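Single-structure report; data block below.
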Amino acid sequence: ALGLPHCYMEQLCENRCSIDKDVQHAIASMRKMAKPIGALCIAPVLLAKIIPHIEVTIGNELGVANTIHTMGSTHHNAAADEIVVDTVNKIVTTPCYMLASSISQIAEGTQRLVKAILKLV
């Protein structure tokens, strides 16, 4: 189940793929306006590639966590229904489908993420 994320992470880390310019612009615009950003599932890796020195989670998958570290950011292990809040950079992340065994776990993590973002506004 993690084959695609591993391949994606390898390509991102080794600069063998590019990030869509519109996505880069959207993230840069949010940062410029000091707006909080939420990322679920594998998306925190994309943020780690674009924004240096952030704190994120994708769960507890060592290979992807190492890729995040290689990019210069910090990974924190978290359960599917937990979040990691980087208050300095106004980034909130949750593993969601990286770990979840039920839709209720995804819902709990997502709800926590939204509540944390609202506190950062």
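The values are calculated or read from the model by the stated rules, or taken from the named source; none is laboratory data. This structure is a prediction, so every number in the text was calculated from the model and none was measured. Note: ideal-geometry Cβ built from the backbone for every residue, glycine included; neighbour counts use all protein chains shown. When the accessible area is computed, the model is the full protein with side chains, heavy atoms only, and any ligands, DNA or RNA have been set aside. Shrake-Rupley method; radii C 1.70, N 1.55, O 1.52, S 1.80 Å.
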Of all residues making up the range 25-75, the number that are more than 24 Å from E108 (Cβ to Cβ), in a helix (DSSP H, G or I) and modelled with pLDDT of 90 or more: 10
Quick check on my filter: what residues within the range 64-75 are open to solvent by 30 Å² or more (accessible area, probe 1.4 Å), in contact (Cβ under 8 Å) with a residue 12 or more places away in the chain and polar (S, T, N, Q)? T70, T74
Restricting attention to the range 91-111, which residues are open to solvent by 60 Å² or more (accessible area, probe 1.4 Å) and either farther than 17 Å from A65 by Cβ or modelled with pLDDT of 90 or more (or both)? S101, I103, S104, E108, Q111
Name the single residue, out of those in the range 76-90 being charged (D, E, K, R) and part of a loop (DSSP other than H, G, I, E, B), that is most open to solvent (accessible area, probe 1.4 Å). E82
